[in-house]
Amino acid sequence: MAVLNKIRQRSVFLIVIIALALFSFVLADLIRNGGAISQKAENTIATINGKDIDRTEFARKVELASRSFGGGTSSIQAVNYVWNQELRETVFEEQFEELNIRVGEDQVNQLLEESLANNPTFLNEAGVFDKAKMQEYVANVKATSPQAYQQWLDFEVSVSKGAREQTYLNMIKAGVGSTLKEGELAYKMENDNVDIKYVQLPFSSIEDTEVEVTDAEIKAYIDAHKDQYKAEASRSIRYVLFNEVPSQEDEDQIKAEVAALLDDKVEFNEVTKTNDSVLGFKNIDVKDAEEFVNQNSAVKFDSGFKFKKDLPTTEADTIYNLGIGDVYGPYKDGDYIKISKVVAQKQMPDSVKASHILVSWAGLGTAGDIKRTKEEAKTLADSIIAVTQADNTKFSALATQFSADTSSKDKGGDLGYFSPGRMVPAFNDYCFENKTGDQGIIETQFGYHIINIEDQKNEQKAIKVATVAQKVEPSEKND
């Protein structure tokens, strides 16, 4: 009793102590989490089983989904599609980790072969999937197109995820069984027949005025059948979607900035403390165009020659007919504002038929069991081309004997017809810059190629275009 009496006497003091403790607890939590409105909270649109969904990444996936579906899909449908994918992926990933489900490299390769079995890019002359062609394609895009190589890696990840999902679903199917009683009941339900005659008296045939139901009867019925009226908790949600798209003002601003690059300007040099004249895109020498583009463009300089069909559709006629050194733009191409300058032109075929003998050396991905050094490979390549230049009829037999390209060696090294950009740069340049009948040796990341140009088709004008491109993006003025 004495203790209780002391507590009553100091009740105000105890209340103050408890309040301070609670306040320090809340304050510490706020500090630990970066404040009530943290950056993390601002960038997180949802949390699925503890996994935060980043707003920027989610928006990027919605944009990709909208592009892949085309114009027939609304923004809401794209959002719902991406959300369902995120939900499905998160739930599946938890099960994969809990059950330790993994997919081996051999299984992924098998699924890749099945997925690409009908793709003509990976078929041999017999119309059968050729694994070597797939490997050559991957090596080619890795060396020539980072974007295409990333798309291939994303495709492999997608196939791997699909394999894990299939493994998981197969495990579920294997665990579901039926008893003999269930089978017996299913049999009876399907095969036992009974003839029934009945008379239907629908409730609608009775006038409502003939029946009076009191509130007490309704309440009594509900109380007696509560299980029929249970409902799960639900929420009604409304949301507004704000598309982050550039305005006309944003487009005009980028167009003005790109147009300003056309003409010469004067800039103050902080080092020399003098005004320097800076040449504009119109006046730079064609040999300096590459450096200018790489300094001022969101898309780096493309050194390849383009045919008319490779140029932006709406501007192709104008750009294709420009003279060397002429400039066109600004013009809009997709999400970019561009200015283009023709820096070179030449006549070149739109397709080439060639054969090659690939001489590899130890350490390369194409070497296999080959033990020769790079120097020995060069000596061998020089010896082979000396024979083929003297007697071209021996090219096919030598390809079968020495070529490390498993996809073409059995065909005498024949690669068929291909268009510009299909091969790695050095190989591509040799085939399109030389003439039918020429033979030469070039080096790539695969080894030494002894190339025989067999045919060239449809020679026409091709141009090299230096293009400065800036993407039109939403500005903060639209917020």
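Which value in nm describes the separation of the simple spin-label points at Lys131 and Asp302, placed 7 Å from the Cα toward the beta carbon?
3.5
Arranged from highest to lowest average of other beta-carbon atoms within 10 Å per residue, in what order do the peptides 84-91, 467-474 appear?
The packing order, highest mean first, is 467-474, 84-91.
Separation between the Asp438 and Ser115 pseudo-spin-labels, each 7 Å from Cα along Cα→Cβ, expressed in nm?
3.9
Using per-residue counts of other Cβ atoms within 10 Å, averaged over each peptide, order 56-64, 385-393 from highest down. Could the numbers behind the result be given before it?
Values: 56-64: 14.9, 385-393: 12.8.
Highest mean packing first, the order is 56-64, 385-393.
Amide H neighbours of Ser475 under 5 Å, counting only residues 5+ apart in sequence or on other chains, H built in-plane at 1.01 Å?
For Ser475, the qualifying residues are Ser247.
Which distance in Å, rounded to a whole number, links the C-alpha centroids of the range 68-119 and the range 124-200?
Going from one Cα centre to the other spans 12 Å.
Restricting to DSSP H runs of at least four residues, report the calculated mean residue ellipticity at 222 nm for the chain, -39500 (n - 2.57) per run over all residues, nearest 500 deg cm²/dmol.
-14000 deg cm²/dmol
List the GluC sites (Glu not before Pro) within the range 390-463 that DSSP assigns to loop and that have no more than 16 neighbouring Cβ atoms inside 10 Å.
none
Please enumerate, by chain and number, the lysines with C-alpha under 23 Å from the C-alpha of Lys197, excluding those fewer than 8 residues away in the same chain.
In chain and number order, the partners are Lys188.
What FRET efficiency comes out for the pair Thr274/Ala143, r = Cβ-Cβ distance, R0 = 35 Å, nearest 0.05?
Efficiency computed from Cβ-Cβ geometry: 0.20.
Non-local amide H neighbours of Asp405 (under 5 Å, H modeled in plane, Pro and chain starts lacking H): which ones?
Under 5 Å from the amide H of Asp405: Leu358.
Can you pull the one-decimal nm distance between simple spin-label points at Lys371 and Lys265, each 7 Å off the Cα toward Cβ?
6.4
Kindly express, to the nearest 10 degrees and within the range 0 to 90, the angle between helix 131-144's C-alpha long axis and the longest C-alpha principal axis of the chain.
Helix 131-144 sits roughly 80 degrees off the main axis of the chain.
Please turn the phi angles of the range 307-314 into ³J(HN,Hα) values with the Karplus equation 6.51 cos²θ - 1.76 cosθ + 1.60 (θ = phi - 60°), one per residue in order, whole Hz, x for glycine and proline.
Values, residue by residue: 8, 4, 5, 8, 8, x, 3, 6 Hz.
Within 10 Å of each candidate Cβ there may be at most 15 other Cβ atoms; applying that plus a DSSP loop requirement, which trypsin sites (Lys or Arg not before Pro) in the range 363-413 survive?
Lys371, Arg372
Based on the Cα gyration tensor of the range 105-172, what are the three equivalent ellipsoid semi-axes, each the root of five times an eigenvalue, rounded to whole Å and given largest first?
24, 17, 8
How about the range 95-203: which GluC sites (Glu not before Pro) there lie in a loop by DSSP and see at most 14 other Cβ atoms within 10 Å?
Qualifying residues, ordered by number: Glu125.
How large is ³J(HN,Hα) for each residue in the range 99-107, as worked out from phi by the Karplus curve 6.51 cos²θ - 1.76 cosθ + 1.60 (θ = phi - 60°), to whole Hz, x for Gly and Pro?
8, 6, 7, 10, 10, x, 4, 5, 5
Fully extended, how many nm does the chain gain between Val245 and Val387 (0.36 nm per residue separation, minus their Cα-Cα distance)?
44.9 nm
Provide the gained length on full extension for the span Tyr187 to Ile76, in nm with one decimal, where the gain is 0.36 nm per separating residue minus the Cα-Cα distance.
35.4 nm
List, in the order given, every pair from Lys341/Lys435; Lys265/Lys287; Lys346/Lys435; Lys338/Lys471; Lys374/Lys411 whose Cα-Cα distance in the structure shown is over 18 Å.
Among Lys341/Lys435; Lys265/Lys287; Lys346/Lys435; Lys338/Lys471; Lys374/Lys411, the Cα-Cα distance tops 18 Å for Lys341/Lys435; Lys265/Lys287; Lys374/Lys411.
Of (i) 63, 41, 29; (ii) 56, 29, 21; (iii) 34, 28, 20, which one was derived for semi-axes √(5λ) of the Cα gyration tensor in Å from the structure shown?
Among (i) 63, 41, 29; (ii) 56, 29, 21; (iii) 34, 28, 20, the one derived from this structure is (i).
Readers should treat all values here as calculations from the given coordinates under stated rules, not as data from a laboratory. Quick caveat: nothing in here was measured; it's all calculated off a predicted structure. When we count neighbours, we look across all protein chains shown, and the Cβ atoms used for this are built from the backbone with ideal geometry, even at glycine.
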